[in-house]
């Protein structure tokens, strides 16, 4: 029974610790600096002056990492692979719905990936010839948040329909 009490006590101590300044620093280091910046911007009765807090908040805003991709790291090839893999995932999902099976045959996946590459290369000419079917198939096996790929729906709406037709053949 004492083990359960120790864990409960540790959990409470950890929660108190994370609710304070140290928790704000941990969140900031993990990519969410906004609460820490807000902490310094709302300077009331701390040891730092208001000007020092504002200066520190500006510095943190500039230097701390944010969640997501660093700016400038998105290359046409990577974007094209992401778009093609989205189309392949969409085609595989439709194939599974039609056939009532979990595993999509390799021939179907290869056919979908080849057509998806052709469709994406037409939209992103800088990636022409740089996309491999293996890269598209590998990335299509990863689970992705559909919210991130809303831009694909805008630009590749016709391609999506064509992939669905190909998957349902």
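For the reader, a short list of remarks on this structure follows.
- Residues in the stretch 110-129 that are surrounded by 14 or more Cβ atoms within 10 Å (Cβ to Cβ) and not in a helix (DSSP H, G or I): 124, 128.
- A count restricted to the stretch 99-109 and to residues that are assigned to a helix (DSSP H, G or I) and surrounded by fewer than 14 Cβ atoms within 10 Å (Cβ to Cβ) stands at 2.
Residue-wise test of (1) over 15 Å from the mean Cα position of the chain (by Cα); (2) surrounded by 13 or more Cβ atoms within 10 Å (Cβ to Cβ); (3) at pLDDT 75 or above.
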{"position": "131", "(1), (2), (3)": "yes, yes, yes"}
{"position": "134", "(1), (2), (3)": "yes, no, yes"}
{"position": "137", "(1), (2), (3)": "yes, yes, yes"}
{"position": "140", "(1), (2), (3)": "no, yes, yes"}
{"position": "143", "(1), (2), (3)": "no, no, no"}
{"position": "147", "(1), (2), (3)": "no, no, no"}
{"position": "150", "(1), (2), (3)": "no, no, no"}
{"position": "158", "(1), (2), (3)": "yes, no, yes"}
{"position": "166", "(1), (2), (3)": "yes, yes, yes"}
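- Here the helices (runs of 4 or more DSSP H) wholly within the stretch 20-98 that include at least 1 residues being over 30 Å from residue 132 (Cα atoms) and at pLDDT below 75 are 21-29, 50-63.
The values are calculated or read from the model by the stated rules, or taken from the named source; none is laboratory data. All of these numbers come straight from a predicted model, not from anything done at the bench. We place every Cβ from the backbone using ideal geometry, glycine too, and count neighbours over all the protein chains shown.
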